[in-house]
Structures are given as structure tokens and as C-alpha cells.
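In what follows, a single structure is set out as C-alpha cells and then discussed.
The values are calculated or read from the model by the stated rules, or taken from the named source; none is laboratory data. Quantities reported herein were computed from a predicted structural model and do not represent experimental measurements. Please note: Cβ atoms are built from the backbone with ideal geometry, for glycine as well, and neighbour counts cover all protein chains shown. Heavy atoms of the whole protein, side chains included, go into the accessibility calculation; ligands, DNA and RNA do not. Shrake-Rupley method; radii C 1.70, N 1.55, O 1.52, S 1.80 Å.
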Amino acid sequence: ADATFPFFDVVVESSYTQCTWKGITVSGGILKVVGGKHTFNSCACGGQVSVKAGYCTINGGDWSGLMNFDIESYMIVNGMTSCGVLCIQTPGLEIQSNFEIKDTAKIQADKFYGAGNFGSYADSEVHLDIQTNCFYLEGNFSFPSQYEDSSIKITAAKMERTATTRLL
């Protein structure tokens, strides 16, 4: 906890192993986590992040650089700022509070849902691509940037009425 690492590579043998990361800072290096269930509390990760796990929870923190979350079961975001290139692949992505992105994000989730807010960081340029079977977000979906290169693409088989109303 409360440590700074240039390179961190963790492989967990058991899918039931639970790890809680608090105050970890990876600045310009690599954070690679494989296996188990992981909770990241107030982490600041820059450089390259690769998380391939059964479950993942992000509780706050600033994430930047190249980030790849390949989650087998579900991912929860409870306060996260992403600057850089973000890729998330998971059956379920739940936004509980705030999730802000800047730059590029590609999200592939069978179910994209939650009561939290999802939007751009400081009205910045964003390239967002969401692919989901069910889009149900009760919170605010706000990408007010008017940069000419910004793009928002949502491909959803089903959008719940609440989500559709908020998007329009």
C-alpha cells in the first residue's frame, strides 16, 4: 500500500484469490495483473496497465496511458478518471458513481449499466466506442465537447427507456 513502482507484474494462481490495492502509483511503467479478484482503491496508474482477472473494482484514482481491462465476470467503476487509450472487455460493466474519460475508450460489455455518471473529463476531446447488448445507465451521460474530432458511438441491441431519455 502507498507505494510507487516502475514495473509490477502479479500472477495469481487461484481464481478465488482476492487482492486489494490501495494507493499504488505506477508512473510511466507497467502494471500487469493476471487472475483472481482485484479491487483498486485510490490508485494512480500511468504508462501501461493490463488487468486480466475474474472480477475488478475501481474505487477512485487517475488512470492514464495504455489501459486494458479484460475481465471474465464483471467490472465495477466507482470513481475513475481515464486519460489515454482505454479498452474494457467484460460481460458486465457497472458504473456506481463517476467515470470520466479523456482521449479514447472502447468498451465491450454484454451489459452496460448503473446509477452513476459517465462523461468526458473537463469537456475534453473524446473518442468513445461502446458495444453492448443492453445499455441501461440511470446516471448522467454527458459528453458536451464540441471538438471537431470528437466521436461517440454506441452500438446496443437494447436500450432501456431511462437510458434512451437521458441520451437524447
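Of the residues screened, Gly65 is not one that is surrounded by 18 or more Cβ atoms within 10 Å (Cβ to Cβ) and touching a Phe, Trp or Tyr at 6+ places or on another chain (Cβ under 7 Å).
Mind checking which residues of the range 122-136 are modelled with pLDDT of 90 or more and either among the hydroxyl-bearing types (Ser, Thr, Tyr) or touching a helix residue (DSSP H, G or I) at 6+ places or on another chain (Cβ under 8 Å) (or both)?
Restricting attention to the range 122-136, the residues satisfying the condition of being modelled with pLDDT of 90 or more are 126-136.
Residues satisfying the conditions are Thr132, Phe135, Tyr136.
Residues in the range 49-62 that are farther than 18 Å from Thr25 by Cβ and open to solvent by 40 Å² or more (accessible area, probe 1.4 Å): Lys52, Tyr55.
Within the range 106-116, identify whether any single residue is over 11 Å from the mean Cα position of the chain (by Cα), modelled with pLDDT under 95 and among the basic types (Lys, Arg), and answer yes or no. No, the range 106-116 has no match at all. Being open to solvent by less than 60 Å² (accessible area, probe 1.4 Å) and polar (S, T, N, Q) is the filter; apply it to the range 143-161 and report the residue that is modelled with the highest pLDDT. If we take residues in the range 143-161 being open to solvent by less than 60 Å² (accessible area, probe 1.4 Å) and polar (S, T, N, Q), then Ser151 is modelled with the highest pLDDT. Checked against (1) within 29 Å of Ala44 (Cβ to Cβ); (2) modelled with pLDDT under 95; (3) open to solvent by 60 Å² or more (accessible area, probe 1.4 Å), Glu100 passes all but a single condition, namely (2).
So that you can scan it fast, the table gives a plain yes or no per residue for (1) within 17 Å of Lys37 (Cβ to Cβ); (2) more than 9 Å from the chain's Cα centre (by Cα):
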{"position": "Gly61", "(1), (2)": "no, yes"}
{"position": "Ser64", "(1), (2)": "no, yes"}
{"position": "Asp70", "(1), (2)": "yes, yes"}
{"position": "Tyr74", "(1), (2)": "yes, yes"}
{"position": "Gly79", "(1), (2)": "no, yes"}
{"position": "Ser82", "(1), (2)": "no, no"}
{"position": "Leu86", "(1), (2)": "no, no"}
{"position": "Phe99", "(1), (2)": "no, no"}
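Selection of first residues in the range 119-139 that are in a loop (DSSP other than H, G, I, E, B) and of second residues that are surrounded by 16 or more Cβ atoms within 10 Å (Cβ to Cβ) and among the basic types (Lys, Arg), restricted to Cβ pairs under 6 Å at least 6 apart or on distinct chains, gives the following pairs, ordered by first then second residue: Ser124/Lys102. Please verify whether the range 65-85 includes one or more residues that are β-branched (Val, Ile, Thr) and either at pLDDT below 95 or more than 22 Å from Thr25 (Cα to Cα) (or both). No, because not a single residue in the range 65-85 is β-branched (Val, Ile, Thr) and either at pLDDT below 95 or more than 22 Å from Thr25 (Cα to Cα) (or both). Examine the range 105-116 for a residue that is among the acidic types (Asp, Glu), touching a helix residue (DSSP H, G or I) at 6+ places or on another chain (Cβ under 7 Å) and either closer than 23 Å to Gly35 by Cα or open to solvent by 20 Å² or more (accessible area, probe 1.4 Å) (or both), and state whether such a residue exists. Within the range 105-116, none of the residues are among the acidic types (Asp, Glu), touching a helix residue (DSSP H, G or I) at 6+ places or on another chain (Cβ under 7 Å) and either closer than 23 Å to Gly35 by Cα or open to solvent by 20 Å² or more (accessible area, probe 1.4 Å) (or both).
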